[in-house]
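Single-structure report; data block below.
The values are calculated or read from the model by the stated rules, or taken from the named source; none is laboratory data. Quantities reported herein were computed from a predicted structural model and do not represent experimental measurements. Here the Cβ positions follow ideal geometry from the backbone for every residue, glycine too, while neighbour counts run over all protein chains shown.
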Amino acid sequence: MPKIVIDNLEVEVPAGTNVLEAAKKLGIVIPHFCYHQALGAVGACRLCAMKFVEGPVKGIQMSCMIPAQDGMVVSTVDGEAQRMRELVIEWLMINHPHDCPVCDEGGECLLQDYTIAGGHGLRRYKGKKRTFLNQYLGPYIEHEMNRCIECYRCSRFYQEYAGGTDLGPMGSAGRVYFGRFEEGSLESPYSGNLVDICPTGVYTDKTARYRGRYWDYDMAPSVCPGCGLGCGIIPVARFRELLKIVARRNDAVNGFFICDRGRFDKSVNDPHRPRTPLVDGRETGWDEALDAVAARLLDVVREHGPEAVAVIGSPRMSLEGNLAVAALASHLGVAPCFFATAGEAERAEAVVAALTPEIAVSLKELQSTALVIIYESDMMEEGPMAALAIRQAWRRGTKVVASRSPVERLPFPVEEIDHVAEICGAAGCATQVIVCGTATNTATTIAGVAKMGTKVLYLLPAANSFGAALLSREHKAVSLEERAASGKLRAVVSFEADLPPEIAATVPVLAVADWTATVAVRSAEARSPAVVLPVAAFTESDGTWISAEGRAQRSMRVMRPGIPVAETLRTKMPEADPERAARVIMRQVDARDELGRELPPVFHPPRDFRSSPPGGDPLPAWRVISELLRRFGGEPIVEPLTGKWETLRNLDPEGEGVRVLADTEGSR
Ligand code: SF4
Ligand code: SF4
Ligand code: FES
């Protein structure tokens, strides 16, 4: 480990670490644009200058390009180095528009930060600026090429890191254009990362433009609900509306990036979301709705016995919600359900039974394996970020083979094989990983894969499939399908579950708690007797999620539930252009003067004085269940994570999470 001195402070870093990173370790952050930890250094922007005073390299150098070596003495505050950095910023700003106050990237722009930090405030250049035409890049990403500083981060990410072929640099010298050969939607399923990785505002999230500044946003660390991989995200909200999602760095899972499915899902804002409790299609308050559910379930239990009631949790609900489901079911004297179909339950439980600490791998570990075997999985559907991790392994020379899997969309070349057993074991199993899909594989196959002597990454469909399966085994749950097959089912109370439509339509007593407008919610809204209980979405409550590799992670509440202000305005101004209505979110409508004359709209929030936001009824599912428990004479739930789950209460939501495998799982 080389030791170097930077600004009179000694630091020891792993061999290969560049001087820019070594300085960071000392808390000295030197402006840099082209260097990125995930992409490496190319020395393109010339901004990270430091003065090398002693050692094998001397003079002003780009610190990102020099690996730390014993004997180096470096200064970041040397006048020559500082002047170099000032001049680089100035020359980058020659062509950059001077429009930060009205730029949609303003407030979250590295170029803006470093320009201000470097003290460049006066424009000396009097000539014409270089300009480009922008391209239409699809519905998600806005292109504004005049802002480019030619750091090459976008093309290095898009082409080298993610394997995309439809965006790159074109041109030469001072006129390099970063875009597509022709206009059109970006093809890479990881294209949204351009928004995060561009240090200025060339690529911005089209779905969130001009909706707020960085300091207006509500943000919190969270976990992506898009599949079972548990990538780190930061949802960004304002006025009860999810504006955008950006990647949260988690080195053990997704690194710096996320896939487009996770980034652009805005179902939290769905105007058709259930927002108010309904009893038999009629809007009501919480007390009446909960009383109705309790009374109806008790009637069924009295008349037909507890086995006529199904209490249903869900793989897309947090651990807290599912633990509460188990408590409610136990109070009623029935086995809980966590999965709709028997097949889904069997496969997820088979994963939980098979995955041991010895064979489990993280996405980070997947990147440094010697051989990857993809077995019966459509990876771009089941776990897009696992495919991106495999691409990084392939770039380092890892061989990738696939059996019974579609390979056309994978961002790396694959050799197709017939039988996994043929290749497995041939080159030292400890460095091999089987990536096993669970959408079509049987429970027997899933169990068999764990015995191949390799490491295994199972891909599960939902953010908490693993957690639901852990509870399913522990509480001897049965699937809803099996409960229905008994012919005794008379009542269903479900929490964030995807009920089969035929059960939602025919079960005599139905209560559906969800935050999204599922088929079951629609069914419960339209029929009687049925109750709809609106619950908080993942952005509206804290929660714990266990990913497909058995990693428990905490997500924090980002915003309070309620109809977004922009949505309120859209309904109040149906004739207005929705884009404009969304942008002028401060506009008061229907205002009249004392003579009743209509006043022109003004920029102010609607003057509705109320103690809670409109549509702010949803509660976290576990709180709804706690209220039901109380009505059944049980103990309300004060803290859902108790007993062996208690240790998860203090999980750092900004950390990497912890594995929850055989140690925590009591039934094994
Ligand atoms: S578009 Fe952004 S990321 Fe790409 S080279 Fe220009 S400034 Fe860098
Ligand atoms: S791979 Fe899955 S968990 Fe990760 S960002 Fe994409 S959808 Fe979300
Ligand atoms: S960060 Fe070192 S040259 Fe760009």
Those residues of the stretch 148-167 which are within 11 Å of ligand 1 (Cβ to nearest atom), under 22 Å from the mean Cα position of the chain (by Cα) and closer than 20 Å to PRO413 by Cβ, in sequence order: PHE157, TYR158
Residue match in the stretch 548-565 (condition: modelled with pLDDT under 95, surrounded by fewer than 24 Cβ atoms within 10 Å (Cβ to Cβ) and part of a helix (DSSP H, G or I)): yes
Residue within the stretch 397-414 that is touching a residue at least 40 places away in the same chain (Cβ under 8 Å), part of a helix (DSSP H, G or I) and either more than 20 Å from the chain's Cα centre (by Cα) or crowded, with 17+ Cβ neighbours inside 10 Å (or both) present: no
Residues (in contact with a strand residue (DSSP E or B) (Cβ under 6 Å, 6 or more places away or on another chain) and within 30 Å of GLY657 (Cα to Cα)) located in the stretch 480-504: SER494, PHE495, GLU496, ALA497
Tabulated pairs, the stretch 212-240, first among the acidic types (Asp, Glu), second more than 14 Å from ligand 2 (Cβ to nearest atom) and part of a loop (DSSP other than H, G, I, E, B), C-beta under 8 angstrom, 6+ apart or interchain: ASP218/VAL558; ASP218/MET559
Sole exception among (1) under 30 Å from MET556 (Cα atoms); (2) surrounded by fewer than 20 Cβ atoms within 10 Å (Cβ to Cβ); (3) at pLDDT below 95; (4) of a type in the set (Gly, Ala, Ser) for ALA208, by number: (2)
Selected residue (only one of VAL246, VAL195, VAL236, VAL223 is under 21 Å from LEU133 (Cα atoms), modelled with pLDDT of 95 or more, within 16 Å of ligand 2 (Cβ to nearest atom) and of a type outside the set (S, T, N, Q)): VAL195
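Conditions (1) within 16 Å of ligand 2 (Cβ to nearest atom); (2) over 30 Å from LEU194 (Cβ atoms); (3) within 32 Å of the chain's Cα centre (by Cα); (4) of a type in the set (Asp, Glu), marked per residue:
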{"site": "VAL53", "(1), (2), (3), (4)": "no, yes, no, no"}
{"site": "ILE60", "(1), (2), (3), (4)": "no, yes, no, no"}
{"site": "ASP70", "(1), (2), (3), (4)": "no, yes, no, yes"}
{"site": "VAL77", "(1), (2), (3), (4)": "no, yes, no, no"}
{"site": "ARG83", "(1), (2), (3), (4)": "no, yes, no, no"}
{"site": "TRP91", "(1), (2), (3), (4)": "no, no, no, no"}
{"site": "CYS100", "(1), (2), (3), (4)": "no, no, yes, no"}
Identity of the residue in the stretch 168-197, more than 23 Å from ALA247 (Cα to Cα) and assigned to a strand (DSSP E or B), that ends up farthest from ligand 1 (Cβ to nearest atom): SER172
Selection count where residues are within 16 Å of the chain's Cα centre (by Cα) and over 16 Å from ARG248 (Cβ atoms), scope the stretch 209-224: 0
Hits in the stretch 447-503 (condition: out of contact with any helix residue (DSSP H, G or I) (no Cβ under 9 Å at 6 or more places or on another chain) and crowded, with 24+ Cβ neighbours inside 10 Å): ALA463
Residue pairs meeting the criteria (Cβ under 8 Å; at least 6 apart or on separate chains; first assigned to a helix (DSSP H, G or I) and of a type in the set (Asp, Glu), in the stretch 144-163; second at pLDDT 95 or above and away from ligand 3 (no atom under 12 Å from the Cβ)): GLU160/ARG395
Among the candidates PHE52, PHE33, residue that is without any contact (Cβ under 8 Å) to a residue 60 or more places away in the chain, within 16 Å of ligand 3 (Cβ to nearest atom) and surrounded by 15 or more Cβ atoms within 10 Å (Cβ to Cβ): PHE52
